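First the structure, then my questions, so here it is.
The values are calculated or read from the model by the stated rules, or taken from the named source; none is laboratory data. All values reported here derive from a predicted model rather than from experimental measurement. In this analysis, Cβ positions are derived from the backbone assuming ideal geometry, glycine residues included, and neighbour counts consider all displayed protein chains.
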Amino acid sequence: MNIQDYKGVFVYAQQVDNELSGIALELVGKGKDLAKDLGTEVTAVLIGSGVKALADELAEYGADKVIVVDDPELAEYRTEPYTHALASVIKEFKPEIVLVGATAIGRDLGPRVSARIHTGLTADCTQLDIGDFPINPIPGKEQLHNQLLMTRPAFGGNTIATIACPDFRPQMATVRPGVMQKAPREVGKKAVVVEYNPGFTPDNKYVEIVKVVKAVSDVADIMDAKILVSGGRGVGSAENFKLLEDLAEVLGGTVSCSRAVVDAGWKAKDLQVGQTGKTVRPNVYFAIGISGAIQHLAGMEESDIIIAINKDETAPIFDVADYGIVGDLNKILPALTESLKAEVAGK
């Protein structure tokens, strides 16, 4: 493998039902930053059937080029044809970096593609940078420049690891949704569109989709919320979440929770914030009865303002909070909610 032959940052632009997923636009934004550091361009890889029209949206969010793989075999996500499509694009165009969203689809697709093209994959990354590797010079070992440094939680979230792939290309990573930010949209911006089809011959690895059943949920997506009122084990019970719901209603916010709450059966998994839940970036995040374990912090520490309410003044959550209240949430929340109601009524 001649590493010098590999150029550019490629992003798998996930779409479902011919609609781009949020992670696709987040990765284009991050890919643009990485490409700038490398003096190259960012390319979105769009795979599906009848998806070419989505290229303009990718361009408006920062893609310099869009490679479109369009075929009837790609109408629904299936592991084998999508793996063949993305692996073929990589072999043909030789990107230096490939980013895939750590969604249900991306976690299925990314490892298979990396194995097929014989390169490494760092999963579930929370930070990506261009830098030197080894990060700290080691006597007698060459320090390589312009490497993709992929950072992810390790050992159950108790430490953070930075990983590189210096000997193989492309450098591949899956990235958690909600961690990266979309670039500002430039309406009317265009990208170079390249149509590429490696050909698809169904074989015994092609599954047949008999029926697609879509679940309908009235649960708000906490990743879109501007204000989150989040509760942990310290809330005490499922019934006590009524206090959080009342506060959220006054603020026009959404209730979320920690893993301990989901494990206790008090709230649904869709509302979980943290390393094994969702990554959120609200304007205001209330951490109520949440101790602040590193696994939870990984999902919310990028919030603009963090307000912690906890009876334990030594709780780690206070280390990251902008404002903290030490006390009994059963007394604090009703008083806070009534005060805010009075404030709203006064206006």
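Which of the following residues is in a loop (DSSP other than H, G, I, E, B), within 27 Å of Leu86 (Cβ to Cβ) and modelled with pLDDT under 90: Val213, Val219?
None of the others qualify; the one that does is Val213.
Right, next: Among the strands (runs of 3 or more DSSP E) lying completely within the range 81-191, list those that include at least 1 residues that are closer than 30 Å to Glu208 by Cβ and in contact (Cβ under 8 Å) with a residue 12 or more places away in the chain.
Those strands (runs of 3 or more DSSP E) span 97-101, 121-125, 171-175.
For residues that are touching a strand residue (DSSP E or B) at 6+ places or on another chain (Cβ under 8 Å) and among the basic types (Lys, Arg), scanning just the range 248-281, find the one that is farthest from Arg176 (Cα to Cα).
Lys267
Looking at Lys278, is it modelled with pLDDT under 95 and either closer than 28 Å to Thr126 by Cα or in the same structural domain as Thr103 (by TED's automatic domain parsing) (or both)?
In short, yes.
Now a separate question. Those residues that are surrounded by fewer than 17 Cβ atoms within 10 Å (Cβ to Cβ), touching a Pro at 6+ places or on another chain (Cβ under 9 Å) and free of Cβ contacts under 8 Å to residues at least 40 places away in the same chain, I need them from the range 270-324; list them, please.
Listed by number, the residues that qualify are Asp304, Ile305.
Do you know which residues across the range 243-260 are part of a helix (DSSP H, G or I) and within 16 Å of Ile309 (Cα to Cα)?
Residues satisfying the conditions are Leu243, Leu244, Glu245, Asp246, Leu247, Ala248.
Still on this structure: When residues of the range 115-144 are filtered for being over 30 Å from Glu302 (Cα atoms) and not hydrophobic (A, V, I, L, M, F, W, C), how many remain?
9
Quick one: Lys190 ticks every box in (1) in contact with a helix residue (DSSP H, G or I) (Cβ under 7 Å, 6 or more places away or on another chain); (2) not assigned by TED's automatic domain parsing to the domain that holds Lys52 bar one, so which box is it?
(2)
State all residues of the range 175-230 that are crowded, with 16+ Cβ neighbours inside 10 Å and polar (S, T, N, Q); if no residue qualifies, say none.
Ser230
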